[in-house]
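Beneath this line is the structure, given in C-alpha cells, with notes to follow.
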Amino acid sequence: TDKYPANSPVAKHGKLQVKGTNIVDVNGEIVQLKGISTHGISWFPECYSESSINSLVDDWGINVLRIASYAENQIKKEKGKDAEWHRTFIDSMVDICEQKGIYCIIDWHTLNDGTGDPWHCINQAKEFFEYMSKKHAGKAHVMYEICNEPNGDISWARIKSYAQEVIDVIVENDPNSIIIVGTP
C-alpha cells in the first residue's frame, strides 16, 4: 500500500476482506465504507473528474466511490459510448481513486429492459470482468460488484448461478478482491 498517499484510507487499511458479516482491513479491524455511487457514467461523464473526486474526498470525506456502469448502456451503445468507452472511463476513475487513496467498486449495473435479469447479458458481463479483473488485478483499492440491481421475477437461484460464472472469471485474475453480488 506504499503507492497510496500517506494517511489515506487505503494506506491505513490496505486491501479489504470479508470476515463473517464484516468488511475488515489487513489487521482484522472492521472498516466502514462511506461514499457515493456515480449515476450511469455514460449519461453524465462530465460530472466525474479528478477535481470532482478531489472534492468528494477532501470536502465530503468519502473513502469509497462506486463506479456504476449500466449494462444496457454498453450493449446499446447509448450516446455513442460503447464497451470500450466504458472501460477507458472506468480505468481513469480507478486511477483517480488510487491517486487519492480511496477504495472503488467497479459495478456492472443490471436494472432495466431485460438486464434486470443478469443472465440477459452474461457474455458481456464476463467480457467486462475479464478485462477489469486483469487490468486491476492486485490493486488494494479495487472491489467488484457483478450485478447491482437484479429485479423482476428473478430468483436467488438464478442470480447465484450467474454469480458463480462471473465470480470464476474475476477470481482467475484477481483472487483476493471483494466481490459483491446484488440480490432481488
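Screening residue 78 on (1) surrounded by 19 or more Cβ atoms within 10 Å (Cβ to Cβ); (2) at pLDDT below 95; (3) of a type in the set (Asp, Glu) shows it passes everything except condition (1).
Counting only residues that are open to solvent by less than 40 Å² (accessible area, probe 1.4 Å) and in a helix (DSSP H, G or I), which one in segment 99-122 is nearest to residue 36 (Cα to Cα)? Of everything passing the filter in segment 99-122, 118 is nearest to residue 36 (Cα to Cα). Beta carbons closer than 8 Å, at least 6 apart along the sequence or on distinct chains, pair a first residue in segment 22-35 that is within 10 Å of residue 64 (Cβ to Cβ) and of a type in the set (Lys, Arg) with a second that is open to solvent by less than 50 Å² (accessible area, probe 1.4 Å) and not in a loop (DSSP other than H, G, I, E, B) for 34/64. For the residues 163, 137, 125, 157, the requirement of being out of contact with any strand residue (DSSP E or B) (no Cβ under 7 Å at 6 or more places or on another chain), aliphatic (A, V, I, L, M) and open to solvent by less than 20 Å² (accessible area, probe 1.4 Å) singles out 163. Among the residues making up segment 1-32, those that are open to solvent by 30 Å² or more (accessible area, probe 1.4 Å), farther than 19 Å from residue 95 by Cα and not in a strand (DSSP E or B) are 20, 21, 26, 27, 28, 29, 32.
Selection within segment 33-75: residues that are open to solvent by less than 20 Å² (accessible area, probe 1.4 Å), in contact with a helix residue (DSSP H, G or I) (Cβ under 7 Å, 6 or more places away or on another chain) and within 17 Å of residue 148 (Cα to Cα). The member of this set that is modelled with the lowest pLDDT is 74.
The values are calculated or read from the model by the stated rules, or taken from the named source; none is laboratory data. Small disclaimer: the values here were computed from a predicted structure and weren't measured. Cβ sites come from the backbone with ideal geometry, for glycine too, and all protein chains shown count toward neighbours. In case anyone asks, the SASA skips ligands and DNA or RNA and just uses the protein heavy atoms, side chains included. Shrake-Rupley method; radii C 1.70, N 1.55, O 1.52, S 1.80 Å.
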